[in-house]
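Just below is one structure, and these are the notes that go with it.
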Amino acid sequence: MTSVTTPDVSGAATVQRPKRVRGVWFLVVVGALAALMFASLTVGSRDVAWVDIVAALGGATDGFDQAAVAVRIPRTVLAVLAGAALGMSGAVMQGVTRNPLADPGILGVNVGASLAIVIGLAYFGLSSANSQIWVAILGAAITALFVYTVGSLGRGGATPLKLALAGAATSAALASFVTAVILPRNDIAEGARSWQIGGVGGATFTSIWQVLPFLAVGLVVCFLSARGLNSLALGDELAAGLGERVAIARGAAALGAVILCGACTAITGPIAFVGLVVPHACRLLVGVDHRWLLPFSAVVGAGLLTGADILGRIVARPAEIDVGIITALIGAPFFIYIVRRQKVRAL
């Protein structure tokens, strides 16, 4: 079977892998994710043996090791779910905007969700997890719409550079608003500052069950948008000529990405760069067909965030570094590399 060459979101030629090759790669990344999940249960300030993992999975928490595993199980599950959500939302955002620099963090969507939650906590007594998730999704949606509108102004429409600049400016402004809201409120300041870093350390199955329906809806909407994203990659005019309802396809895909971003931010805090790094890496493995790219982005995103969480536990033993800091250290150089590679100058 021969490979097919198609344009990616940046307009560059990308080789589509044969289905057999993509299937092999999918098994590889799923196996790597399983290994990382096992490592996440064993590695930390206190390393544990597999017998303690089996005992903890059975409900035993008698010894220190088993108690440590019991805490790491929901943490690992949350890292997998959040990583999958962020990886897929990044791929969808890059497809919707045809912008290789798109990412929930870079476009300010995560910060918009954070500001909405902080305002709800400070001024409206927002306490329930479900309410925080709904508010975060609303904040993410408003921010995404604002950034895309601002980035579309002027000649050339929504170019990658204009969207990145609009997102960066919006993120900086909203981050300042978050700080302004938190500072005079000592009752929420400590928890909000810790949450703002982004992490999975406080995961519980209660919070996971509350956010799971939102993540499931977002993932399903994004999966169903894969064919539409393939059409949008050809350009709006050609997509419309092929019978695609461009506005509906773009809106549905964006809705799925916003739901994933908002729900994930509500439970973990704003975690940046996962949605930027993962889709680019996955395109090297499977090409640009979103029917393959989206599930790959979910699995690789889950692995990246789980691996980053493990790394955060190792490098500062016996203390820990929040996963949001690790992903920033990984993603920032990659962002600079993408900008330099694209050589985008349009304003």
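Side notes on the structure shown:
- Anisotropy class of the range 227-330 from Cα gyration tensor, a/c 1.5 cut: prolate
- The chain: translational diffusion in µm²/s, Stokes-Einstein, Kirkwood Rh over Cα pairs, 10 °C, 1.306 mPa s: 77
- Normalised contact order of the chain, rounded percent, pairs of Cα under 8 Å and 6 or more residues apart: 30
- Take the Cα of Thr179, step 7 Å toward its Cβ, do the same at Leu329, and the gap between the two points is 2.3 nm.
- Residue of Gly44, Gly108, Gly191 that the Gaussian network model of the chain assigns the largest fluctuation, springs spanning Cα pairs under 10 Å: Gly191
- Chain lengthening between Asp187 and Leu165 when straightened (0.36 nm per residue, less Cα-Cα): 4.5 nm
- Global form of the range 67-131, assessed from the alpha-carbon gyration tensor, a/c cut-off 1.5: oblate
- Ser194 paired with Leu153, simple spin-label distance in nm, labels 7 Å along Cα-to-beta-carbon: 4.0
- Taking all protein chains together and a 1.4 Å probe, the residues Arg227, Arg22, Arg46, Arg155 rank Arg155, Arg227, Arg46, Arg22 from largest to smallest accessible area.
- Two-decimal ratio, the range 166-316, of alpha-carbon radius of gyration to 2.2 N^0.38 Å: 1.22
- For peptides 238-248, 86-96, sequence by mean Cβ density within 10 Å, most packed first: 86-96, 238-248
- Pairs of Cα atoms nearer than 8 Å and 6+ residues apart set the relative contact order; for the range 223-347 it is 25 percent.
- Highest-fluctuation residue, Asn130, Asn186, Asn230 considered, GNM on the chain with Cα pairs under 10 Å: Asn186
- For the range 279-324, the alpha carbon convex hull comes to 62 Å³ per residue, rounded to a whole number.
- Prolate/oblate/rounded label for the range 75-229 (Cα gyration tensor, a/c 1.5): oblate
The values are calculated or read from the model by the stated rules, or taken from the named source; none is laboratory data. Please read all numbers here as calculations on a predicted model, not as lab measurements. All Cβ positions, glycine included, derive from the backbone under ideal geometry; neighbour counts span all protein chains shown. In case anyone asks, the SASA skips ligands and DNA or RNA and just uses the protein heavy atoms, side chains included. Shrake-Rupley method; radii C 1.70, N 1.55, O 1.52, S 1.80 Å.
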